[in-house]
Amino acid sequence: MSNPTYQRKQPPSVASTGKSGRILLLLGVTVILLFLTDIALGSVTIPLPNVLRILLGQETEQMAWVNIIYKIRLPKAITALLAGAALSVGGLQMQTLFRNPLAGPSVLGVTAGASLGVAIVMLSSGTVTSLYAIQQLAQASGWIIVLASTLGAAVVLLLILLVSFRVNDNIVLLIVGIMIGNVTLSLVSIWQYFSAPEQVKDYLLWTFGSLSGVTPAHLSILIPLVLAGLVLVFFSAKWLNGMLLGENYARSLGLPVGRARILIIITTSLLAGSITGFCGPIGFVGIAVPHLTRSLLNTSDHRMLVPGTCLVGATVMLFCDMIAQLPGYTTTLPINAVTALIGSPVVIWIIMQRRNISANFG
Amino acid sequence: MDKASPILTTHALAVGYRQPTRRMLLEDLNLELHPGSLVCLLGPNGTGKTTLMRTLAGMLRPLAGQVYVQQNEVHRLKASQLAQKISVVLTDRVDTGNMDGYSVVAMGRYPYTNLMGNLSQQDQHIIRWAIETTETQHLTDRPLHRLSDGERQKIMIARALAQDTPLILLDEPTVHLDLPNRIGIVSLLLKLVRETGKTALMSTHDLDLALQTADQLWLLQGKTLLTGIPEDMVLQGKLAAIFQKEGTFFDLSSGTFRLQVPSRHTVRLQGSGHARYWTQRSLERAGYQVVADDASSPLITVQQEHGQPAWRLNSRGATVYYTLGDLMEGLTGESYL
């Protein structure tokens, strides 16, 4: 009435929701295709139709393929899916919580905290110490590792959060996070220095990162943990959106800021901690994927970003895994190296393209 | 609700910091805000304007005393209930990334929406009303970070409107804005409180605008707060007492603070209307004191020639000038002779 030029009948968010919805659908299809391709590729290439038939339980003639798929490749592909989604969503949450575009589980020392947790379990002398023993004891000690790495992640995040109450500057906070990560890793180094060589070797192997060390028994722990974390994050999308306005505005909108912050920390520790415990510290996915998703969906709405980040994270991780296993060769590259190799250029590309990243990140 | 009953009251309220050391900024405040009014909070920097605003909004705990909004104590209300009574516009910078204006305004509906924040028909109706009232239609599909400070402020005000609370607290909403934008925002608030019966409390440094628009002024003086309608505050000399600094004086006729220029010379001035007013201003700025009867001082007569002002300077001789600039030059030349 006051302005006749205002013709919009539909709020713009509806229109962009439709577009984002289509992109999400497309991403979902991509994830499924990559998931199948990831299973098909490896030292032995299994044709896609056969992969499908084996997965549907129709073909049992090629017992070798069936074994390869069910014992090795399917768990690994599922792990890649979970790791990609969990680490990316963890990164998204931290970028929103700290309102910092460079936040992420690996930068802010969360993975370092998880590493410390794992090191405590692996390097402390005792019966359940080596990775081998852990894999033998599968489920029981799987819990120990996950608990240790999740607690380690949570401790570091809590420290950073305590600092964030006193420091309002995002850059300062980031530096503090990096320093806390360094302190944590140096504690691990000192511990390694005084540990037996076999234990150190196990720990070092773990730090390279591996998706293939996760057994079906481990998956029975990992899947519910990650799914629970993701569901919690999905339902805190409104809170995350509110946090974008800053804590004061969020509080004035009636959001329980304190509780939201604790929930974000718990879910991030759970997601990043459990994945790190099983797969080793996988870097860069957590920082790069949320940015990639924001550019792709062109939104800051977490109701779109959370599922979007899950799918993009899974896509990136499956892709990295395909490169890591070097199709046709028997060797596998450490996944940590591959994600960094792919993730770093992405981060550089985003920064170059956006220039003013802090105004843009959301 | 009874129209006359205040929307917000404070009882023996003391505000200040607890950290790092307890520091009381204001104490024993017994304030009232009435529906349908625009109140401006004025005070020198660092005297506790923001602290008071944040305490009233329930973001800071009072050092002593209570704040009541519609008879409910602010600090005992649940965050979600408080959010339906008080909305705020803060000085905090917002970095919402790709989020467009509409989405930011829509966040105003958070206290009313479900866990996923889905907007009902009524929510969308109120959002549209908030956007139309603030005349921000052209900003709704632009990302917030591409907006100017003034446009962003308008979006944040629209967001506060969408929150549909009886009380809106605005902490220096006009700071960093140019004059037309400042006037735009204050007149928007004025229109709002008149049309909707909402109450707006706004802290500001804009004495001029506050004097012209506020229904009531809250003046911070030391650790207390003086309240009253602007004109009373002026006539009682309260404004002058608080803001006057060395080198300035409060001009009662114009209601503004003016720079005090030490006068070195005296002149007599004849004439009337706007031309006379601006001539006097220009003279005072240049350090001339206008006197009524001193035959030894030069006499300036403001006159009209072909509808334009002209100035006749009677000193040693008589000269006519057609701009004030020339007149000033002429005067200076004479003074040195």
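The values are calculated or read from the model by the stated rules, or taken from the named source; none is laboratory data. For clarity, every value in this text was computed on a predicted model and none was experimentally measured. No Cβ is skipped: glycine too gets one built from the backbone with ideal geometry, and neighbour counts run over all protein chains shown. Note: accessible area is taken over every heavy atom of the protein model, side chains too, but ligands, DNA and RNA are not part of it. Shrake-Rupley method; radii C 1.70, N 1.55, O 1.52, S 1.80 Å.
One quarter of the convex hull surface, Cα atoms only: what value does that give for the protein assembly as shown in nm²?
Projected area, direction-averaged: 42.4 nm².
So for each of A:233-242, B:217-226 I average, over its residues, the number of other beta carbons within 10 Å; can you give me the resulting order with the highest mean first?
Values: A:233-242: 22.3, B:217-226: 18.5.
So the peptides A:233-242, B:217-226, ranked by packing, come out A:233-242, B:217-226.
Please work out whether the stretch B:50-185 counts as rounded, prolate or oblate from its C-alpha gyration tensor, where a ≥ b ≥ c are the square roots of the eigenvalues and a/c under 1.5 means rounded, while otherwise a/b larger than b/c means prolate and anything else oblate? Write out the running numbers ahead of the final one.
Details: a/c = 2.03, a/b = 1.28, b/c = 1.59.
Oblate, because a/c is 1.5 or more while a/b does not exceed b/c.
Under a crude label model (7 Å from the Cα following the beta-carbon direction), how far is B:N314 from B:D326 in nanometres?
For B:N314 paired with B:D326, the spin-label model returns 2.0 nm.
Could you compute how much accessible surface B:V88 exposes when probed at 1.4 Å, giving the result in Å² to the nearest 10?
10
Quick check for you: with a 1.4 Å probe and neighbouring chains kept, what is the accessible area per residue of the stretch A:258-355, in Å²?
Computed with neighbouring chains in place, this is 37 Å² per residue.
Once you have the Cα-Cα distance between B:Q84 and B:H265, take 0.36 nm times their residue separation minus that, and quote the gain in nm to one decimal.
59.0 nm
Could you order A:I78, B:I168 by accessible surface area, starting with the largest, using a probe radius of 1.4 Å?
Result of the area sort, largest leading: A:I78, B:I168.
What is the sum of charges, Lys and Arg at +1 and Asp and Glu at -1, for the other residues whose Cβ falls under 13 Å from the Cβ of B:T204? Provide the component values of the computation, followed by the final result.
Values: positive: B:K49, B:R182; negative: B:D171, B:E172, B:D206, B:D208.
Residues close to B:T204 contribute a combined charge of -2.
Carbon and sulfur together cover what percent of the accessible area of the stretch B:44-155 at a 1.4 Å probe radius? Please list the in-between numbers first.
Values: 1910 of 4530 Å².
Accessible surface attributable to carbon and sulfur in the stretch B:44-155 totals 42 percent.
In nm, give the distance between the simple-model label positions of A:F194 and B:A295, each being 7 Å from the Cα along the Cα-to-Cβ direction.
10.5
Sorted by accessible area with a 1.4 angstrom probe, largest first, how do B:E246, B:E329, A:E61 fall?
Largest to smallest exposure gives the sequence B:E246, A:E61, B:E329.
Among DSSP beta bridges whose residues both lie in chain B, state the antiparallel percentage, nearest 5.
Around 60 percent of the beta bridges assigned by DSSP in chain B are antiparallel ones.
What order do you get for B:91-97, B:264-270 when each peptide is scored by the mean count of other beta carbon atoms within 10 Å, highest first? Present the calculation step by step, with values, prior to reporting the outcome.
On the way: B:91-97: 18.1, B:264-270: 15.9.
Peptide ranking by packing, descending: B:91-97, B:264-270.
For peptide A:143-153, how many partner chain Cβ atoms fall within 10 Å of a residue's Cβ, on average?
Counting Cβ atoms of other protein chains within 10 Å of each residue's Cβ and averaging gives 0.
Tell me, what is the 1.4 Å probe accessible area of A:F35, in Å² to the nearest 10?
Its accessible surface works out to 40 Å², give or take rounding.
For a test of the definition: using alpha carbon positions, the gyration tensor, and the 1.5 limit on a/c, classify chain A as rounded, prolate or oblate.
oblate
Of the peptides B:139-148, B:288-297, how do they stack up when ordered by the mean number of other Cβ atoms within 10 Å, highest first?
By packing density, highest mean first, the sequence is B:139-148, B:288-297.
Quantify how strongly other chains surround peptide A:237-247 by giving the mean number of their Cβ atoms within 10 Å of each of its Cβ atoms.
5
Considering amide H positions built from the backbone, and no H for Pro or chain starts, which residues 5 or more places from B:L25, or on another chain, come under 5 Å of its amide H?
Correct list: B:V15, B:G16, B:Y17.
Per 20 Å bin, what percent of the C-alpha pairs of chain B does each bin hold, from zero upward?
Result, from short to long distances: 26, 43, 24, 6, 0 percent.
Rounded to the nearest 100 Å², what is the buried accessible area between A and B, both sides summed, probe 1.4 Å?
It comes to approximately 3400 Å² buried between A and B.
Would you be so kind as to identify which of B:L147, B:G16, B:A292 lies farthest towards the positive end of the dipole of chain B, taking Lys and Arg as +1 and Asp and Glu as -1 on Cβ and the Cα centre as origin?
Positive-end residue among those listed: B:G16.
Under 14 Å from a point placed 7 Å out from the Cα of A:W143 along the Cα-to-Cβ direction: which residues of the stretch A:219-247 have their backbone N that close?
Residues A:220-222, A:225 qualify, since their backbone N sits under 14 Å from the label point.
Kindly state, to the nearest 0.05, the FRET efficiency for A:L52 paired with B:L115, given R0 = 45 Å and r defined as their beta-carbon distance.
Efficiency, from the Cβ-Cβ distance: 0.75.
For the stretch B:86-213, give me the percentage of DSSP beta bridges that are antiparallel, rounded to the nearest 5 percent. Each step should come with its number before you reach the end.
Numbers: 1 of 10 bridges.
In the stretch B:86-213, DSSP labels about 10 percent of beta bridges as antiparallel.
Residues of B:106-115, mean number of Cβ from any other protein chain within 10 Å of their own Cβ, rounded to a whole number? Numbers along the way, then the final one.
Values: counts 5, 9, 2, 1, 11, 4, 1, 1, 1, 5.
Mean inter-chain Cβ contacts per residue within 10 Å come to 4.
Could you please tell me the mean projected area of the C-alpha convex hull for the stretch A:184-322, averaged over all directions and given in square nanometres to one decimal? All intermediate terms of the calculation are to be shown ahead of the outcome.
Numbers: hull surface 41.4 nm².
Answer in nm², one decimal: 10.4.
What's log10 of I(q)/I(0) for the stretch B:146-194 at q = 0.20 Å⁻¹, Debye sum over Cα points only, no solvent?
Debye curve over Cα of the stretch B:146-194, log10 I(q)/I(0) at q = 0.20 Å⁻¹: -0.66.
Can you give the relative contact order of chain B as a percent, counting alpha carbon pairs under 8 Å and 6+ residues apart?
The normalised contact order for chain B reaches 16 percent.
Label A:A337 and B:R18 with points 7 Å out from Cα along Cα→Cβ: what is the distance between them in nm?
Distance between label points: 5.4 nm.
Which percentage, to the nearest 5, of the DSSP beta bridges contained in the protein assembly as shown is antiparallel?
60
Rg(Cα) of the stretch B:112-207 divided by 2.2 N^0.38 Å?
Working: Rg = 13.7 Å, N = 96, 2.2 N^0.38 = 12.5 Å.
It is 1.10.
Using the Karplus equation 6.51 cos²θ - 1.76 cosθ + 1.60 (θ = phi - 60°), what ³J(HN,Hα) coupling, rounded to whole Hz, does each residue of the stretch B:96-113 give in order, writing x for Gly and Pro?
Listing the rounded values in order: 9, x, 6, 4, 8, x, 4, 5, 5, 4, 4, 4, x, 7, 3, x, 10, 9 Hz.
Using the Cβ atoms and a cut-off under 13 Å, what net charge is assigned to the surroundings of B:R182, where Lys and Arg are +1 and Asp and Glu are -1?
So the environment of B:R182 carries a net charge of -4.
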